[in-house]
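Okay, so here's the structure we're looking at.
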Amino acid sequence: MVQENFMKKNKLEDFDLLDFEEKDAQDNFSFAEMFSVLRRNWKWFILSLVICLLAGYLYIRTTPKTYRSSATVLIKDDKQGSGVGDASVFQDIFQLGTSNVENEIGFFKSKRLMYEVAKQLRLDYSYKIKDGLKEREMFTSTPLRAVFPDALPEQSISLKAVITDERRVDISNIVSGSRELPEKRTITIGDTVSTPVGRMVLNTTSLFSPEYIGKPISIQKNNLDAVTNGYQSNVQVELAAKQSSLIKMTLEDESLNRANSVLNTLIEVYKADAIDDKNQVGVYTDKFIKERLEIIGAELSGIDERIEAYKKKNRLTDIGSVSSVFLETTSQLESMSLGVENQLNMAQYLKTHLQEHQSGELIPASIGIQDAGIQAQITEYNNALIKRNKLIENSSVTNPVVEDINVSLGAMRLSILKALDNVIAGLSIQVKNMQEKQSENIRKIESIPTQQRLVTSIERDQKIKQELYLFLLNKKEENELQVSITQSNCRIVDPANGSSLPVAPKKLQVMMISFLLGLVLPAGVLYAGSLFNTNVYTKKELKKGVNIPVLGEIPFEKEEHDKDIVVKEGDRGSVNEAFKIIQDNLEFLKGGKEGSGYVIQVTSSNPNSGKTFITLNLAISMAFTDAKVVVLDLDLRKGGLSRQLDLQGDKKGISAYLVGKVPEVEEIIHEGVAGQKIDFIPAGPLPPNPAELLRSGRLEALLNRLREKYDIILLDNPPYGLIVDAAICSKLSDQMIYVIRSGQYDKRMLPELQELYDSGKINNMGLLLNAVDDRNLGYGYYGYGYGYGYGYGSGSDYEKSKKRRLFRRR
């Protein structure tokens, strides 16, 4: 068969006119296709570039400038001194007495410190003035200061203020939270006025000048907690270098002065907080000493009153000379006894304090107990307690580290109590020994009157209390001196400072992104459209889906497709040339078959594909070659071609012939229809059973009769597959032209079309792509336009090529 020989020859590729070798030009084709898409849609790309660049320019003009400030501080990471005994063990475990740099970074980032900074600098207040298309933050350069005495920290308030003169200000557009209050009034500068949001005071600053008169100023009082969160997240705190104690802080803000102030204030707040932490033990020790001084002072007053009352009652004079001899022997013992009893009393006081107070309180230090082990344990306990309290502030009581420290604190407290018991026991033994020695001397002075002995006892008690009182006064001064000289563990290396050049928006970067976005957006739209588009538009797409001969493609010209007949003799336009190429491809597929007439069936997959248009104009084009052509309207259900030629009402048609009402073929032939050199047989009256009529032998007899008279017999059939009519006629035809309209045939149906072709039910099936956009014709992907352009130097198509619009309809 001709079809088999043709497929063996070149696998149907000969119908792709002027095609290149795909294997050799695949890479070039991809780039050429991409360039062709860009070329066809260049106006969209230009429009997108203009819009995106304009949007980028507006973004630069409307976005407030952002400045960067940075500061560097040094964290002292020195050991505070090692303890002894059990305290040194806990110090090694918990690193007590050190300033851990990583932990200090966490403190710098804490919300508590930033909240204090926001309160001190009043960061919840914002003052902006119009500067071109954007608003500029004034901060320290504002001419007005607003105060809302009744406003809560979490309340948000905004308003517009216009200075009318040196004494008055107009306020308007008051917004509190989500409520907009339509109030406009004039207030006097410095006066407290009542507004719907509470009392308000507006004061001028030292920077007020007449140039601000008449200019609107936006005043905002924001949620203090939200402002704190914002600055907490914006401040970047990190190590300046690995294995160093230098911390670098960075902040980006609309106002460079505000950024500098925030960082500097944050450092000062941190230093004050660190000093307060270190002074906690000193403050608590001072409180303890004051309490002891009050108690001992009251006891001394009571002793003085006892001595005075006793001497008055017994009328005693100076009896010291009488007992001087005996007292000299006991003076040394009394001196030693005073020191020992002093330590014993302080140890007992400290033990009583530990038993009466909770375990979460600090233990007084440096109160006169000379035992070095106890002093080290108390210091270690206080440092661990402060460490635990800091961890609780930044986490919770259930933190595993906090729980471990609590266990350690309990153990340390028990250890201190045991040590105190040992010290008290030792001092008690010393006191007992001294008392025994004093008893010996007392027995020697039994001859001294009882009054003298009582006075001596009272005076001795008085001396003990006086020594203890003076000792506590001395410790109180030492503690206050220690508190006053406490230094922070932070030292400023570089105060906050930043460049006057903004870091955002970056003009070049924004414009480059806008430029790239202007290219990417239309490209993305085109790519997305290609992904979601499942219809066949070009011959290339058609050939990728099926292995069926493609006879050609008819370009879409709006002016031409609105007409029934577009083929004209002598016309060298693109549509005329397309039909000539189809005609040549049909001759090639015919394989030089001579003799009787050649029957060509024209059908499609769905209505409105243009098969009737193709049938009529192909017939006219064939007639220009002096071939005898007849066209049959075999759409016995609608008779579309007959209606276009105004022959629908003709009773002498195919249906009449098939039922036998018209015996002769010549009676149903209309010669030279529409002023053309073709004959036409109309459908005739529409029958109720067109399929049965087509199956009758009279249709085959009709075609055999026409084969004898005509060279080409064109059959205009209804869509194939929807009804059986086209399948019946295909058995009687020599060639089928299957019309596919560009953009209306789903690619997912191509396998069914290939299956139909492979089944062998169709004789010489060929595809024809109709209404193809001229941008997708032939080798337009390579930038050469449609392949018929040799006659465009003059004529109608040349003029049309100069008038192509931006938007084309398919």
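The values are calculated or read from the model by the stated rules, or taken from the named source; none is laboratory data. Owing to the predicted nature of the structure, the values given are computational and were not obtained by experimental measurement. Counting neighbours? That spans all protein chains shown, and the Cβs are built from the backbone with ideal geometry, glycine included. Surface areas here come from the heavy atoms of the whole protein model, side chains and all, with no ligands, DNA or RNA. Shrake-Rupley method; radii C 1.70, N 1.55, O 1.52, S 1.80 Å.
In the condition set (1) touching a Leu at 6+ places or on another chain (Cβ under 7 Å); (2) open to solvent by less than 10 Å² (accessible area, probe 1.4 Å), Leu706 is compliant with all but (1).
Being touching a Phe, Trp or Tyr at 6+ places or on another chain (Cβ under 9 Å), open to solvent by less than 70 Å² (accessible area, probe 1.4 Å) and closer than 29 Å to Leu769 by Cβ is a property that does not hold for Ala683. Considering the conditions (1) in contact with a helix residue (DSSP H, G or I) (Cβ under 8 Å, 6 or more places away or on another chain); (2) open to solvent by less than 70 Å² (accessible area, probe 1.4 Å), Ser172 is excluded by exactly one of them, (1).
Yes or no: Ser742 in contact with a strand residue (DSSP E or B) (Cβ under 6 Å, 6 or more places away or on another chain), small (Gly, Ala, Ser) and farther than 30 Å from Glu671 by Cβ? Yes; evaluated as a whole, the condition is true for this residue. Examine the range 141-157 for a residue that is part of a helix (DSSP H, G or I) and under 30 Å from the mean Cα position of the chain (by Cα), and state whether such a residue exists. Looking for residues that are part of a helix (DSSP H, G or I) and under 30 Å from the mean Cα position of the chain (by Cα), one finds none in the range 141-157, hence no.
The number of residues in the range 747-777 being open to solvent by less than 30 Å² (accessible area, probe 1.4 Å) and touching a residue at least 60 places away in the same chain (Cβ under 8 Å) comes to 16.
Taken over the range 204-221, the criterion of being open to solvent by 40 Å² or more (accessible area, probe 1.4 Å), farther than 11 Å from Ile163 by Cα and under 41 Å from the mean Cα position of the chain (by Cα) is satisfied by Leu207, Gln220.
Just one residue in the set Lys568, Lys580 is part of a loop (DSSP other than H, G, I, E, B) and open to solvent by 10 Å² or more (accessible area, probe 1.4 Å); that residue is Lys568. Across the range 233-243, the number of residues qualifying as surrounded by fewer than 17 Cβ atoms within 10 Å (Cβ to Cβ) and either in contact with a helix residue (DSSP H, G or I) (Cβ under 8 Å, 6 or more places away or on another chain) or in contact (Cβ under 8 Å) with a residue 12 or more places away in the chain (or both) comes to 5. The number of residues in the range 391-410 being in contact (Cβ under 8 Å) with a residue 12 or more places away in the chain, exposed (fewer than 14 other Cβ atoms within 10 Å of the Cβ) and either under 20 Å from Lys111 (Cα atoms) or hydrophobic (A, V, I, L, M, F, W, C) (or both) comes to 1. Can we say Asp286 is assigned to a helix (DSSP H, G or I) and more than 30 Å from Asn345 (Cβ to Cβ)? For Asp286, the condition - assigned to a helix (DSSP H, G or I) and more than 30 Å from Asn345 (Cβ to Cβ) - is not met. Restricting the first member to the range 120-138 and to residues that are over 19 Å from Ser156 (Cα atoms) and modelled with pLDDT under 95, and the second to residues that are of a type in the set (Phe, Trp, Tyr) and open to solvent by 40 Å² or more (accessible area, probe 1.4 Å), no beta-carbon pair is closer than 7 Å while six or more apart or on different chains. Sub-9 Å Cβ pairs linking a first residue in the range 36-58 that is within 25 Å of Pro505 (Cα to Cα) and in a helix (DSSP H, G or I) to a second residue that is open to solvent by 20 Å² or more (accessible area, probe 1.4 Å) and of a type in the set (Phe, Trp, Tyr), at least 6 apart or interchain, are Leu49/Phe515; Cys52/Phe515; Leu53/Phe515; Gly56/Phe515, ordered by first then second residue.
Every condition in (1) within 30 Å of Leu769 (Cα to Cα); (2) part of a helix (DSSP H, G or I) holds for Lys465 except the one numbered (1). Please find, within the range 454-484, the residue that is farthest from Ile369 (Cα to Cα) out of those that are of a type in the set (A, V, I, L, M) and open to solvent by less than 40 Å² (accessible area, probe 1.4 Å). For the range 454-484, the residue satisfying everything is Val455. In the set Asp725, Asp734, only one residue is open to solvent by 10 Å² or more (accessible area, probe 1.4 Å), touching a helix residue (DSSP H, G or I) at 6+ places or on another chain (Cβ under 9 Å), over 27 Å from Glu557 (Cα atoms) and in contact (Cβ under 8 Å) with a residue 60 or more places away in the chain; that residue is Asp734. Of all the listed residues (Val117, Val73), the sole one being modelled with pLDDT of 90 or more and part of a helix (DSSP H, G or I) is Val117.
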